[in-house]
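Q: Sharing a structure here in structure tokens format.
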Amino acid sequence: MELLRLHLLNYRNHEALTLEFCSGINGISGPNGAGKTGILDAVHYLANCKSYFNGLDAPLMRHGSDFFTLRGIFSSEGKEEEIVIHAPAQGKKTVKRNGKAYERLTDHIGLLQTVMIAPNDVELVWGGSEERRRFIDLTLSQTDRFYLESLVRFRQSLDQRNALLKALKGKPADPILFEAIEHRLVPAGNEVCRIRRDFFHEFTPLFEAAYEGISGSTERAGLEYVSNLEHHSLQQLLDENRQKDCFLERTSRGPHRDDVVFTLNGYPLKRYGSQGQIKSFVLALKVAQYRYFFSKKRQKPILLLDDIFEKIDEERAESLMKLVSSGDFGQIIISDTHPERVRAQVDERAIESRFYALDKNGTLII
């Protein structure tokens with residue numbers, strides 16, 4: 001899968017912008033605040049119906065605008081696909097594939113795959129468990145339709161249960177009310193947990209190989225999936241914690257509390273890892289994600305590298321570029337403040353390339 005053309009209208013700080021891309025490395029340079037990240041984020045949005053950096057659409061609209069529109073022309077096995085997303089400030093967001101609107105946004109997820117590597121990815125290590133669950137859910141939702149549907153059902157039912165708990169304001173409730181909600185929540189939650197557990201059996205070897213390739217070391221990098229459901233059924237957890245949940249006015253146990261422990265040589269990465277080790281770990285997660293997508297969909301995702309040369313040392317940047325410029329990877333879009341750094345990497349490897357430059361206002365100058 002490759003992106004041929006991209007059109008942005010009122011997206012972030014871009015009033016109107018059109019870019020064409022080659023199948024190799026595409027470099028986008030400009031000063032900080034020029035809108036480089038917004039271009040990469042738009043590609044991610046076209047694949048996932050949401051921003052990589054912001055869960056809300058309103059902040060993505062250019063200042064003074066009441067909508068944004070994204071249009072991408074993609075090529076897959078010689079066939080073009082047009083994806084158009086229109087998000088108004090008021091009303092419903094629409095996603096169209098080749099002129100036909102999807103009835104549900106989730107029906108689009110899985111058609112395209114992107115892998116974003118960005119400076120804030122270190123939050124996978126430093127952030128809360130929601131960051132790591134987001135990584136799992138994003139990966140599985142793009143490759144497993146059943147998982148996506150199970151996750152949607154689970155979240156909807158969880159929202160209903162939490163709404164009931166808030167409405168009770170700490171008072172006990174008729175068990176029948178909980179039973180009506182949990183009748184749908186429990187099966188969906190069980191499937192979410194099962195698929196996540198199976199995912200790590202496949203994903204971990206890909207990650208271990210990627211870490212070794214990026215770090216060049218013999219350190220043992222590990223992933224441990226931690227779930228409330230490891231030793232208890234979801235229904236048992238809900239029953240045992242109902243009184244506590246009524247007091248807290250939220251559901252305290254379940255797949256929405258799952259986490260992943262990152263380790264290095266058996267020790268928690270967050271506590272004992274150096275900055276360099278943490279950066280290598282995060283890069284390895286993203287490379288493994290790329291390879292996992294390819295193993296499931298048999299098409300190469302679009303790799304989006306946002307300002308990586310600013311945030312990682314030269315040695316790791318060199319290792320990453322050497323890795324992604326191999327035949328195992330497809331189209332790459334890189335943003336950087338210094339165009340000569342990307343050009344030097346491309347020239348060294350004689351890869352097909354195209355370069356754009358933006359001025360401080362986000363206007364295309366090359």
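The values are calculated or read from the model by the stated rules, or taken from the named source; none is laboratory data. Just so it is clear, the model here is predicted, and its values are computed rather than measured. So basically every Cβ, Gly included, is an ideal-geometry build from the backbone, and we count neighbours across all protein chains shown.
Q: Residues that are in the same structural domain as Asp159 (by TED's automatic domain parsing), within 16 Å of the chain's Cα centre (by Cα) and either within 16 Å of Ala210 (Cβ to Cβ) or not hydrophobic (A, V, I, L, M, F, W, C) (or both): does the stretch 246-253 have at least one? So that I can check it myself, show each step before the final result.
A: Kept after step one, since they are in the same structural domain as Asp159 (by TED's automatic domain parsing), are these residues of the stretch 246-253: 246-253.
Next, only the ones that are within 16 Å of the chain's Cα centre (by Cα) stay: none.
There is no residue in the stretch 246-253 that is in the same structural domain as Asp159 (by TED's automatic domain parsing), within 16 Å of the chain's Cα centre (by Cα) and either within 16 Å of Ala210 (Cβ to Cβ) or not hydrophobic (A, V, I, L, M, F, W, C) (or both).
Q: Name the residue that is nearest to Val192 (Cα to Cα), counting only residues in the stretch 240-292 that are surrounded by 17 or more Cβ atoms within 10 Å (Cβ to Cβ) and among the small types (Gly, Ala, Ser).
A: Among those that are surrounded by 17 or more Cβ atoms within 10 Å (Cβ to Cβ) and among the small types (Gly, Ala, Ser), it is Gly254.
Q: Right, another one. Taking helices (runs of 4 or more DSSP H) that fall entirely within the stretch 117-206, which contain at least 3 residues that are under 30 Å from Asp307 (Cβ atoms)?
A: Values: elements: 123-126, 129-141, 145-168.
Because the criterion is at least 3 residues that are under 30 Å from Asp307 (Cβ atoms), the helices (runs of 4 or more DSSP H) in the stretch 117-206 that meet it are 123-126, 129-141.
Q: In contact with a Phe, Trp or Tyr (Cβ under 6 Å, 6 or more places away or on another chain) and hydrophobic (A, V, I, L, M, F, W, C): which single residue out of Leu248, Leu229, Leu237, Leu269 fits that description? Explain how you work it out, then say what you get.
A: Values: Leu248 fails: in contact with a Phe, Trp or Tyr (Cβ under 6 Å, 6 or more places away or on another chain); Leu229 fails: in contact with a Phe, Trp or Tyr (Cβ under 6 Å, 6 or more places away or on another chain); Leu237 fails: in contact with a Phe, Trp or Tyr (Cβ under 6 Å, 6 or more places away or on another chain).
The conditions single out Leu269.
Residue by residue, here is whether (1) farther than 23 Å from Pro268 by Cβ; (2) crowded, with 18+ Cβ neighbours inside 10 Å; (3) of a type in the set (Gly, Ala, Ser) holds:
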residue	(1), (2), (3)
Val115	yes, yes, no
Asp144	yes, no, no
Tyr147	yes, yes, no
Ala163	yes, no, yes
Leu177	yes, no, no
Ile181	yes, yes, no
Phe203	no, yes, no
Ala210	no, yes, yes
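Q: Pairs only if they're at least six apart or on different chains, beta carbon under 9 angstrom, first in the stretch 48-70 and more than 15 Å from Leu8 (Cα to Cα) and in contact (Cβ under 8 Å) with a residue 40 or more places away in the chain, second of a type in the set (Val, Ile, Thr) and part of a strand (DSSP E or B); list them, first residue then second.
A: Asn48/Thr114; Tyr52/Thr114
Q: In addition: List every residue pair whose Cβ atoms sit under 8 Å apart, with the two residues 6 or more apart in sequence or on different chains, where the first one lies in the stretch 98-113 and is touching a residue at least 24 places away in the same chain (Cβ under 8 Å) and the second, anywhere, is of a type in the set (Phe, Trp, Tyr).
A: Here the result reads His108/Tyr102; Leu112/Phe74; Gln113/Phe293, each pair linking the stretch 98-113 to a residue that is of a type in the set (Phe, Trp, Tyr).
Q: Still on this structure: How many of the residues in the stretch 1-18 are surrounded by 19 or more Cβ atoms within 10 Å (Cβ to Cβ) and touching a residue at least 60 places away in the same chain (Cβ under 8 Å)?
A: The first filter runs over the stretch 1-18 and keeps only residues surrounded by 19 or more Cβ atoms within 10 Å (Cβ to Cβ), leaving 1, 3, 6, 8, 10-12, 14, 17.
Within this subset, residues satisfying the condition of being touching a residue at least 60 places away in the same chain (Cβ under 8 Å) are 1, 3, 6, 8, 14, 17.
Result for the stretch 1-18: 6.
Q: Out of Gly33, Gly55, report the one residue that is outside any strand (DSSP E or B), modelled with pLDDT under 90 and closer than 21 Å to Lys96 by Cα. Talk me through it step by step, then tell me what you get.
A: Values: Gly33 fails: closer than 21 Å to Lys96 by Cα.
Criteria check complete, one pass: Gly55.
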